[in-house]
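Working notes, beginning with the structure itself.
The values are calculated or read from the model by the stated rules, or taken from the named source; none is laboratory data. Keep in mind the model is a prediction, meaning the values are calculated, not measured. Neighbour counts run over all protein chains shown; Cβ positions are idealised from the backbone, glycine included. Heads up: the accessible areas ignore ligands, DNA and RNA and are worked out on the full protein's heavy atoms, side chains in. Shrake-Rupley method; radii C 1.70, N 1.55, O 1.52, S 1.80 Å.
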Amino acid sequence: MTPLVDALRAALRAAADPVAAPTMQAYMKSAMPFLGVAQPVRARILRECVVGDPPPTPGALAAVADALWDGAGFREERYLATALCGYRSYARWPDADWLPRYRHWLVSGAWWDHVDEISSRLVGPLVREDPARVVPVMRQWATDPDPWLRRASIICQLQSKEATDVGLLSDAIEASLKDEGFFLRKGIGWALRQHARTDPLWVREFVEAHPDLSPLSRREALKHL
């Protein structure tokens, strides 16, 4: 336990809203309870606590994030763990060596709120910055039995725009085309819809070449075309 972990947890508890907490838990269908701390308040807590006790090294950052995630009694602690890793002062510290950590979080978090944030905001930058090391891992995730890892491989490039590796995007989608899971089908449509903002022709051609896309995926992909 570090002083920063203690400070973050104390600040969360001080901001807890017992009226909002059960509503947030029900909405997220979460087995882990909420404290009832909304995102803007969490952002303020993170900013204030980090200013008071900034992690001095990537190792210290990892220790704080791991303690928040693995020792969480409330969902907001895990939200802070992911937000800390993407915080502007430290966003360049995580590298490909952090992928096992993110994999653990994806598998243990196992729900869209955690998976979408980790995939797009934490894994995505690594795909762009170190493709030689990270893309092969994404290809492994794309065929993993765990559906959340497969969703992560599909949506990790949501913010990539012109830097999107369309080979990876195509392979990740094709690996889950036959899966009937809602979150995979929705993720496929989301990834294609987002890339259509950059390359609508590629998305149209991909959809036409894959008649086995689910109606949900197809509808989402072509939503703005």
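Here Lys186, Lys178, Lys161 are screened, and the one residue that is of a type in the set (Lys, Arg) and at pLDDT below 95 is Lys178. Name every residue in region 154-175 that is over 19 Å from Cys85 (Cα atoms) and crowded, with 23+ Cβ neighbours inside 10 Å, in order of residue number. Of everything in region 154-175, those that are over 19 Å from Cys85 (Cα atoms) and crowded, with 23+ Cβ neighbours inside 10 Å turn out to be Ile154, Leu169, Ala172, Ile173.
Would a scan of region 69-90 turn up a residue that is touching a Leu at 6+ places or on another chain (Cβ under 6 Å), of a type outside the set (S, T, N, Q) and more than 30 Å from Pro145 (Cβ to Cβ)? Yes: one or more hits. Taking the numbered list (1) among the β-branched types (Val, Ile, Thr); (2) more than 20 Å from Leu216 (Cα to Cα); (3) open to solvent by less than 10 Å² (accessible area, probe 1.4 Å) in turn, Thr143 passes all entries but (3).
Just checking, does region 128-145 include any residue being of a type in the set (Gly, Ala, Ser) and farther than 30 Å from Phe74 by Cα?
Yes, there is a match, as at least one residue in region 128-145 is of a type in the set (Gly, Ala, Ser) and farther than 30 Å from Phe74 by Cα.
For region 1-24, residues that are in contact (Cβ under 8 Å) with a residue 40 or more places away in the chain, surrounded by 12 or more Cβ atoms within 10 Å (Cβ to Cβ) and over 13 Å from Tyr79 (Cβ atoms) total 4. If you go through region 12-29 and pick out every residue that is under 24 Å from the mean Cα position of the chain (by Cα) and under 20 Å from Asp66 (Cα atoms), you end up with 1. Is it fair to say Ala43 is surrounded by 12 or more Cβ atoms within 10 Å (Cβ to Cβ), in a helix (DSSP H, G or I) and either over 19 Å from the mean Cα position of the chain (by Cα) or among the hydroxyl-bearing types (Ser, Thr, Tyr) (or both)? Taking the combined requirement at face value, the residue does not satisfy it.
Under the condition of being aliphatic (A, V, I, L, M) and part of a helix (DSSP H, G or I), which residue from region 101-129 is surrounded by the most Cβ atoms within 10 Å (Cβ to Cβ)? So the residue we want is Val123. Scanning region 58-69 for residues that are open to solvent by less than 30 Å² (accessible area, probe 1.4 Å) and free of Cβ contacts under 8 Å to residues at least 40 places away in the same chain, we see that the one that is nearest to Leu99 (Cα to Cα) is Ala62.
Evaluated against (1) open to solvent by less than 40 Å² (accessible area, probe 1.4 Å); (2) under 30 Å from Arg128 (Cα atoms); (3) in contact with a Lys or Arg (Cβ under 9 Å, 6 or more places away or on another chain), Leu35 falls short on exactly one condition, (2). Within region 184-198, residues that are open to solvent by 50 Å² or more (accessible area, probe 1.4 Å) reach partners that are part of a loop (DSSP other than H, G, I, E, B) and small (Gly, Ala, Ser) with beta carbons closer than 6 Å, at six or more positions or on different chains, in the pairs Arg185/Ser214.
If you check Ala132, Ala72, Ala83 for being surrounded by 14 or more Cβ atoms within 10 Å (Cβ to Cβ), of a type in the set (Gly, Ala, Ser) and assigned to a helix (DSSP H, G or I), only one passes: Ala83.
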